[in-house]
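Worksheet for the structure shown next.
Just so you know, all these numbers are worked out from the coordinates, no wet-lab data involved. Quick caveat: nothing in here was measured; it's all calculated off a predicted structure. A quick note on method: Cβ atoms are made from the backbone with ideal geometry, for glycine too, and the neighbour counts reach across all protein chains shown.
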Amino acid sequence: MRNDILLPDEKIINYRKPSILGESKFWLGSIILALSLVTFVIFSLSYPQYNSTLSNLYGYLHLSGGTSPLNSIPLVPTVLLVIGFFYILYSEFEVYFKEFTVTNMRVIFQHGILVRDANIVLPRMVSDVAVDVSILDRILGLGKIIIRSLDTGRPDVVISGITEPYKFQDDIIKLVSKGPSTDSSTTTASPPPSLPPPAAEEKEENGNKEQNDGTGETN
């Protein structure tokens, strides 16, 4: 996390980066890679005469591909392979540029590859912090944090792919329950010294008054 986004006396309590296993694009890319392998095996075993290669594509486009050995690779499995790797690499980049931070003053969510954005949630604006764990998340040890705002017009902040989600939720709840904290070294005003009880002075004055009344002195 970039420290230039922190305020004076702001300290990091919990810092997380999401797991790539929580990214839907990663699973989509993995499925496409598996489909590429299945397609290659099916065409190789069931259709030996299958010859849809790059050289056929060059011929269809009236281009000359030369004598490169890559011209003989099967076209459909190769295209699926490239698409699958693209989704996996893109999900890896997304995870790398996502950061979730809980400080002693606020919750910060930073994301973006080309443009770096930061969403900040103030404790006084949080109405609820929920954890959503699906069956797949439970197997992978992940979870989703949902931060709901008191302002009904603002969308919920969703933090996906978090390891130990209940620990992260607990840190947010502690921040919300106590509000923004201050540094322990900050001096606080000491309470004013207590005044002595007036009972003794009143008792002494009442005794002098009774003594004067008893003597009955007059001017």
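Here are the numbers:
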| read-out | value |
| --- | --- |
| Environment charge of Ile159, counting only residues whose C-beta is closer than 15 Å and scoring Lys/Arg +1, Asp/Glu -1 | -4 |
| Residue order, fewest to most beta carbons within 10 Å, for Glu23, Glu92, Glu99 | Glu92, Glu99, Glu23 |
| Of Lys11/Lys167; Lys17/Lys178; Lys17/Lys167; Lys144/Lys178, those spanning more than 21 Å from alpha-carbon to alpha-carbon | Lys17/Lys178; Lys144/Lys178 |
| Segment Ile20-Leu136, length gained on full extension (0.36 nm per residue, minus Cα span) | 40.4 nm |
| By average C-beta atoms within 10 angstrom, highest first, the peptides 84-91, 100-107 | 100-107, 84-91 |
| Those trypsin sites (Lys or Arg not before Pro) in region 1-40 that DSSP places in a loop and that have at most 14 other beta carbons within 10 Å | Arg2, Lys11 |
| Extension reserve of the Thr78-Glu92 stretch, reckoned as 0.36 nm per residue once the Cα distance is removed | 2.9 nm |
| Local electrostatic count at Lys144 - Lys and Arg +1, Asp and Glu -1, tallied over other residues with Cβ under 9 Å | -2 |
| Projected label distance in nm at Ile120 and Lys11, using a 7 Å step from Cα toward the beta-carbon | 2.0 nm |
| Potential lengthening between Val38 and Asp170 on full extension [0.36 nm per residue; Cα-Cα distance subtracted] | 43.1 nm |
